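**Q** This is the structure, below, for whatever I ask next.
The values are calculated or read from the model by the stated rules, or taken from the named source; none is laboratory data. Every value quoted in this text rests on a predicted model; they were computed, and no experiment measured them. Positions of Cβ are backbone-derived with ideal geometry, glycine not excepted, and every protein chain shown enters the neighbour counts.
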Amino acid sequence: MRNAIICLAIFGLALAVGCSQQSGETATPGPSANGLKYLLDQEPLEAKDVVGVRKTAKNGDAVVIVGRIGGSANPWIEKRAAFKIVDRSLKACSDIPGDSCPIPWDYCCETHKLPASTALVKVVDERGKLVEEDARALLGVKELSTVVLQGKAERDTSGNLTILANGVFIQKK
């Protein structure tokens, strides 16, 4: 009897661990006190997807953009309020029925589309400086969170898109 209980407990633990890894979800606390000033109460209207903003935005343009956090196994810039977003037209592995990828936010099934479908986001303060607090703690976000950002487009010489965000709205599922 004792062995049966131990086996049942081990099976239950393995099932719980396996399911949490498959979903790709990690618990994230709410935003920090400092992060509240960057969060928007209402979703900005007329947000454009990443692909559209990449095609039309020029350096310094005001933009409202929507995307999901991801694009690599680690979309975060450690200890900074910066992360990558991906166009919502791409499917994360967790969006594909039967796919059990442990890191669905890396979009490994869509890697060929990522270069034209991603943007770097930097949350900036009122002086335009990058906030020196991890985005997960600052905003209470995690991988695959859908965010709507207000800010300015910044282009480098290669045409890569960075959003200097001063307002963030987190969409609820």
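**Q** Please go through (1) touching a helix residue (DSSP H, G or I) at 6+ places or on another chain (Cβ under 8 Å); (2) more than 21 Å from residue 149 (Cβ to Cβ); (3) at pLDDT below 95 for residue 9 and return the number of the only condition it doesn't satisfy.
**A** It is condition (1) that residue 9 fails.
**Q** Residues in the stretch 106-122: is at least one closer than 22 Å to residue 153 by Cα, in contact with a strand residue (DSSP E or B) (Cβ under 8 Å, 6 or more places away or on another chain) and basic (Lys, Arg)?
**A** Step one: of the stretch 106-122, the residues closer than 22 Å to residue 153 by Cα are 113-122.
Applying the additional criterion that residues be in contact with a strand residue (DSSP E or B) (Cβ under 8 Å, 6 or more places away or on another chain) yields 114, 117-122.
Next cut, basic (Lys, Arg) only: 122.
Checked against the condition, which is being closer than 22 Å to residue 153 by Cα, in contact with a strand residue (DSSP E or B) (Cβ under 8 Å, 6 or more places away or on another chain) and basic (Lys, Arg), the stretch 106-122 yields at least one hit.
**Q** Next question. Criterion first (under 23 Å from residue 105 (Cβ atoms), under 17 Å from the mean Cα position of the chain (by Cα) and among the aliphatic types (A, V, I, L, M)) does residue 148 satisfy it?
**A** Considered against the rule, which asks whether it is under 23 Å from residue 105 (Cβ atoms), under 17 Å from the mean Cα position of the chain (by Cα) and among the aliphatic types (A, V, I, L, M), residue 148 comes out as yes.
**Q** Let me ask something additional. Regarding the stretch 78-96, can at least one residue be identified that is acidic (Asp, Glu) and closer than 19 Å to residue 160 by Cβ? Spell out how you get there, then give the answer.
**A** Of the stretch 78-96, the ones acidic (Asp, Glu) are 78, 87, 95.
Narrowing further to those that are closer than 19 Å to residue 160 by Cβ: 87.
Scanning the stretch 78-96 turns up at least one residue that is acidic (Asp, Glu) and closer than 19 Å to residue 160 by Cβ.
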